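The structure under discussion appears below in the form of structure tokens.
The values are calculated or read from the model by the stated rules, or taken from the named source; none is laboratory data. Source: prediction; values computed, not measured. Here Cβ is always computed from backbone atoms with ideal geometry, including for glycine, and neighbour counts include all displayed protein chains. The area values use the complete protein model at the heavy-atom level, side chains included, leaving out ligands, DNA and RNA. Shrake-Rupley method; radii C 1.70, N 1.55, O 1.52, S 1.80 Å.
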4 protein chains.
Amino acid sequence: MAGEGDGMRVGVLTGGGDCPGLNAVIRAVVRKGVQVFGYEFVGFRAGWRGPLEGDTVALDVQAVRGILPRGGTILGSSRTNPVKVEGGVERIKDNLAGLGVDALIAIGGEDTLGVARELYESGVNVVGVPKTIDNDLNATDYTFGFDTAVNIGMEAVDRLHTTAESHHRALICEVMGRHAGWIALHVGMAAGANVILIPERPFDIDKVVEYVESRFKTRYAPIIVVSEGAHPMDGQMQLQTGERDAFGHVRLGGIGQALADEIEKRTGKEARATVLGHIQRGGTPTAFDRVLATRFGLQAIDAVRDGDFGKMVALQGTDIVRVGLDEATKELKTVPLERYAEAEVFFG
Amino acid sequence: MAGEGDGMRVGVLTGGGDCPGLNAVIRAVVRKGVQVFGYEFVGFRAGWRGPLEGDTVALDVQAVRGILPRGGTILGSSRTNPVKVEGGVERIKDNLAGLGVDALIAIGGEDTLGVARELYESGVNVVGVPKTIDNDLNATDYTFGFDTAVNIGMEAVDRLHTTAESHHRALICEVMGRHAGWIALHVGMAAGANVILIPERPFDIDKVVEYVESRFKTRYAPIIVVSEGAHPMDGQMQLQTGERDAFGHVRLGGIGQALADEIEKRTGKEARATVLGHIQRGGTPTAFDRVLATRFGLQAIDAVRDGDFGKMVALQGTDIVRVGLDEATKELKTVPLERYAEAEVFFG
Amino acid sequence: MAGEGDGMRVGVLTGGGDCPGLNAVIRAVVRKGVQVFGYEFVGFRAGWRGPLEGDTVALDVQAVRGILPRGGTILGSSRTNPVKVEGGVERIKDNLAGLGVDALIAIGGEDTLGVARELYESGVNVVGVPKTIDNDLNATDYTFGFDTAVNIGMEAVDRLHTTAESHHRALICEVMGRHAGWIALHVGMAAGANVILIPERPFDIDKVVEYVESRFKTRYAPIIVVSEGAHPMDGQMQLQTGERDAFGHVRLGGIGQALADEIEKRTGKEARATVLGHIQRGGTPTAFDRVLATRFGLQAIDAVRDGDFGKMVALQGTDIVRVGLDEATKELKTVPLERYAEAEVFFG
Amino acid sequence: MAGEGDGMRVGVLTGGGDCPGLNAVIRAVVRKGVQVFGYEFVGFRAGWRGPLEGDTVALDVQAVRGILPRGGTILGSSRTNPVKVEGGVERIKDNLAGLGVDALIAIGGEDTLGVARELYESGVNVVGVPKTIDNDLNATDYTFGFDTAVNIGMEAVDRLHTTAESHHRALICEVMGRHAGWIALHVGMAAGANVILIPERPFDIDKVVEYVESRFKTRYAPIIVVSEGAHPMDGQMQLQTGERDAFGHVRLGGIGQALADEIEKRTGKEARATVLGHIQRGGTPTAFDRVLATRFGLQAIDAVRDGDFGKMVALQGTDIVRVGLDEATKELKTVPLERYAEAEVFFG
């Protein structure tokens, strides 16, 4: 176990897409590490690219002043995966040794934590902090950023309700969530959507149109909340899957606009799509996310102090606990059927 | 001139797209009309369709309770144009006479006020209240709804900045404004956009790409705010203008995504578009819009009391005045070059 | 167990102080009760006064339309305690029988649920739903309203930081919490307070002044978040406990201003208090509170359907469960020392 | 007139209380000054104390990056008045000369601009930018910060409405405004207060109680918005004017709580006061304030370029103009009777 104030040096990095609360984690780690344990810190820039290339930035109490309410990450981020780089793991180990880094706190999602696990298995002292706006990480009740994204989506749908009450027009709101529908589920339940479509349940476009038609018979127009990763049952709707972006990736997304087009075609009523996009992952975190991120940071530095490596901090109930990095990354946490069924009560 | 409490009956309608502040106008008209002047009110449903079809709704102090902070319109709206309906104007005059309506307050944009002007010219006692989220109505400094839309757009772009600081990715935010760029101009200036594109100034895509490239050389990624009605100079970018929606209209909009595609293609960097859509016209109005709408309503009922018809209420400086309906509708108020030039200081 | 659509009539009431999310519970109960189970509902007005006096209000799907995002309660509330009224319990039983009410859902805090428990013990079919903005109810991880209150407090303190950075002035923000410091703890942690004072820990004014003095030596001024129920150690600061309000109650609160006065006196620097008061319990609920309240409502009506009375619905982790009403009301859930210790890392 | 890029050095300072939008002014001044005119800048710290003591801070494009959305002022502020300091004006002139400062932009309220006028009269090249959260400066339609303060107050009162609908309790919200009631007037009109009390009109407590009593007869409880500087007619209510703070000043404020006490005493109903305090002047500015502050900044640096000194920039309608510093500071802009009368329609 690391002793107090024994010259311990701790590296910190943030990987993957940005997420409100990253700075709150960094601040908590550094404040407690320096003020209580007397540690020194090394900030790595741009995710795993930092330790891979030895790209560091000063990280002390002064550097974390005022960052608690700010979105993004003062360390920058990237999707660099050192495991896929020839000799990447060895270069990281060499760089950590060269910088005198005794332990590493890696804040990130499935990919970042997967690398963290591999590094731990090859002897690096790593503690992971879970981060995913989609809330699809296993072994933790919630991840920070999710609550902020849900509130942004809810406020958007609250505003759409006004229009839905004044005009006869179907409104579709596309929210984040490629593989898991947590954001759509919570936004839809919080804002009173008439239909919620998630990746875990291929939807029946006939049923969706039926809900829309029945809603149009009331004074109010229908509002549909759809995950970017939601898709119709096999054979329904011809989604343009052939399109590729400048990087050769098949374009994901677009389901919101596709739904609007299909509904117009089938019902003869106007339909409009709103795509929130990156707005959901920017800006100041909610109180829930700031408290969760801060407590994650405090627990992560405690784990370093305890020499309890190979762990990820996690929320269980109201407690912050530590779980194995392997448990955290073994599968995606998707929306269970019974949670979706709860919401279906309000459909139509 | 109408005397106090002489059994005066006043009709009220809201036409065109919805807009935060409509309910605040209705409330002010009714509260002062009933409590101070002793008038009775007739609410017409769904814009000009109401008087055309004699479709009315009760409108008294009880009906307007609690509506001040609520977006939309309790009267509903439509784009029905009675002037284009065979015998429409006569039917309206008959219906008003049949209902004993002595004066009509029409709240709406260019189209609604154009009808109001024609009715006034054919002998109906009309007072107009200007309404356009786009702020493109002549003869008034501002219209309610605009400030709300600008704040919603600004908050969205504020959030995008977080991502722009953490990732190297161009972010485009498409806001409302088909013919006038007021929303884009104010959102872009308030939120610190790197480029603002408006309908009044066909943009040079080469220049836009240049700004984007130069911005990518700094630590920060570029943010572009674009009006839905903005378009490139002749011959640049092949916009898909051939597409038509379910109603046969050529699809407008889509400039945000088109820009993202073009920037990706030309720069080889990722670009992402956010399309705010109807979110900008829903939800609770800002204080500016509530005060403006309330003062418009008070002035409109004063005009009725004064028998001062054929007028539109308007904001000039901090005063609410009355101008001729003809002046209000004779041309669109677009962004003058010098206002755009102010903002250009911050480009790049 | 009650069968589906068998003419079951369910009463609903809301007791105690208002709290964002009450309407979301009512809506979920009624929507699922009517649409899935075919039940009828009776709304009781103003807490326990409703069933005591047989004061009811229509409660159907139409009545709950559009209330999800609205604070307050459409049923009204009161602090009437029928147990303290001569023959109160019998009158309620008679009224329920007379109205044909088979089961009762009582939404409220410690007092309301205590009455619910007594009624259950005397034979009434009751299900409880926990409600307290202070989060001090036992047997549930969180109660709705708390997250909203914390976010309101956090936004206020975020704003105070701006002033603290520009002027040398101590700023005190008094938040709700008479017996438990949960709101202060979360607001203070989320917004980066320099000191947090809670009822569970009598504070040492000398220590507080020390923190304030040390903070004044930096560029930034100190911000203190204090629960209304916090108090100094015995003998410190002469709080005016003698004052009584119009109802003869000794005035609680005032600790924020008292602290400001004491800090000015001892440090010779200006200090200003902000008292958020009722602002914390009004307005639209956050997404967290809307989802929690909705899920509580669904579980409560499920408990009725299951004939599972004498229970309170509760949050445990991410699950909604049922616990005994006796367990829920046996003691107050206060802030444990280790949670306060977490926050102390950031003091000074 | 100063030529472009001729080595012109411009000083900038912010004086008086902080106000959302100060940073937006500074950013606009520096961005246009550097990028368009090629000027250099000298930031003075803490209002007039900066030039008085030669206390400067670097001010270039890098220093103003990212400050547009942030409240407060990066230059700091103070209430130092050099005119009241022995030889103060001469010391400032010497320091400006020593630093090679050719022109000075002073951003502040009545006091700051009064000093600016005196300096101008003694030969210093000064341009003023008006700043007052209270909107009580002459010669400009609005000042930045006011719109932000009004929105914060409105949101608070919106939240109070929820409670007022659920409980029978009078709610008082005290807002800023020592000498002018603009904030109370706009907050009260925007949020639907039942009574608005402002410093310009000593109120009749009997009349206030009458409104409160009559409101209690409806389903809703009364909400009163009161300026901190409002006061009852002579002889009514015994305000404790004898109390003094640590600095010997008679305590201002407290009218909100005094009103609550008086209403409880006279009506026998509960009354609660909320005092927003510094929350109104902190945090991010609204879009209106950011655009206004930015345009003020652009106009101020244009005035410097034009050698047009002794002027203050001002808003008239939608135009930014320049007026004499003497005109701006000759009297306070208070609420005219007719504006108050407009609002009275909604009282009771």
Tabulated pairs, the stretch C:191-207, first charged (D, E, K, R), second part of a loop (DSSP other than H, G, I, E, B), C-beta under 6 angstrom, 6+ apart or interchain: C:200/C:181; C:200/C:334; C:200/C:335; C:204/C:233
Test: residue in the stretch A:16-31 that is surrounded by fewer than 24 Cβ atoms within 10 Å (Cβ to Cβ) and among the basic types (Lys, Arg): yes
Selected residue (criterion: nearest to residue B:24 (Cα to Cα)) from residues of the stretch B:71-101 that are hydrophobic (A, V, I, L, M, F, W, C) and open to solvent by 40 Å² or more (accessible area, probe 1.4 Å): B:74
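Criterion first (of a type in the set (Val, Ile, Thr), more than 27 Å from residue C:189 (Cβ to Cβ) and part of a strand (DSSP E or B)) does residue C:313 satisfy it?
Values: of a type in the set (Val, Ile, Thr): yes; more than 27 Å from residue C:189 (Cβ to Cβ): yes; part of a strand (DSSP E or B): yes.
Yes.
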Per-region count, the stretch A:172-187, residues within 12 Å of the chain's Cα centre (by Cα) and open to solvent by 10 Å² or more (accessible area, probe 1.4 Å): 4
Enumeration of residues in the stretch B:278-306 that are in contact (Cβ under 8 Å) with a residue 24 or more places away in the chain and either within 12 Å of chain A (Cβ to nearest Cβ) or under 30 Å from residue B:215 (Cβ atoms) (or both): B:279, B:280, B:281, B:282, B:283, B:284, B:285
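Every residue, every condition in (1) β-branched (Val, Ile, Thr); (2) assigned to a strand (DSSP E or B); (3) more than 27 Å from residue A:184 (Cα to Cα); (4) open to solvent by 10 Å² or more (accessible area, probe 1.4 Å), yes or no:
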{"position": "A:119", "(1), (2), (3), (4)": "no, no, yes, no"}
{"position": "A:127", "(1), (2), (3), (4)": "yes, yes, yes, no"}
{"position": "A:144", "(1), (2), (3), (4)": "no, no, no, no"}
{"position": "A:148", "(1), (2), (3), (4)": "yes, no, no, no"}
Conditions (1) in contact with a helix residue (DSSP H, G or I) (Cβ under 7 Å, 6 or more places away or on another chain); (2) at pLDDT below 90; (3) more than 14 Å from chain A (Cβ to nearest Cβ): number failed by residue B:163: (3)
Unique match (being away from chain D (no Cβ under 14 Å), touching a Phe, Trp or Tyr at 6+ places or on another chain (Cβ under 6 Å) and of a type in the set (A, V, I, L, M, F, W, C)) among C:59, C:96: C:59
Test: residue in the stretch C:211-232 that is within 19 Å of residue C:341 (Cβ to Cβ), open to solvent by 20 Å² or more (accessible area, probe 1.4 Å) and modelled with pLDDT of 90 or more: yes
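Is there a residue being polar (S, T, N, Q) and under 15 Å from the mean Cα position of the chain (by Cα) anywhere in the stretch B:121-128?
From the stretch B:121-128, those polar (S, T, N, Q) are B:122, B:125; that's our starting set.
Now drop any that are not under 15 Å from the mean Cα position of the chain (by Cα), which leaves none.
No, the stretch B:121-128 contains no residue that is polar (S, T, N, Q) and under 15 Å from the mean Cα position of the chain (by Cα).
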Number of the exception - residue A:169 against (1) within 14 Å of chain B (Cβ to nearest Cβ); (2) crowded, with 24+ Cβ neighbours inside 10 Å: (2)
Filtered residue count, the stretch B:264-291, keeping only those that are charged (D, E, K, R) and either closer than 16 Å to residue B:224 by Cα or surrounded by fewer than 24 Cβ atoms within 10 Å (Cβ to Cβ) (or both): 6
Those residues of the stretch B:185-217 which are assigned to a helix (DSSP H, G or I) and within 14 Å of chain D (Cβ to nearest Cβ), in sequence order: B:185, B:186, B:187, B:188, B:189, B:190, B:191, B:211, B:214, B:215
Which numbered condition residue A:107 fails, given (1) within 14 Å of chain B (Cβ to nearest Cβ); (2) within 18 Å of residue A:176 (Cβ to Cβ): (2)
Lone unmet requirement of (1) assigned to a loop (DSSP other than H, G, I, E, B); (2) over 30 Å from residue D:93 (Cα atoms); (3) over 13 Å from the mean Cα position of the chain (by Cα); (4) free of Cβ contacts under 8 Å to residues at least 60 places away in the same chain for residue D:168: (4)
Matching residues in the stretch C:316-348 - criterion: being more than 14 Å from every other protein chain (Cβ to nearest Cβ), surrounded by fewer than 17 Cβ atoms within 10 Å (Cβ to Cβ) and not in a loop (DSSP other than H, G, I, E, B): C:324, C:326, C:327, C:332, C:337
Matching option when the condition is open to solvent by 10 Å² or more (accessible area, probe 1.4 Å) and aromatic (Phe, Trp, Tyr), among B:296, B:309: B:309
Where residue D:114 falls short, out of the listed (1) under 20 Å from the mean Cα position of the chain (by Cα); (2) part of a loop (DSSP other than H, G, I, E, B); (3) surrounded by fewer than 22 Cβ atoms within 10 Å (Cβ to Cβ); (4) more than 14 Å from every other protein chain (Cβ to nearest Cβ): (2)
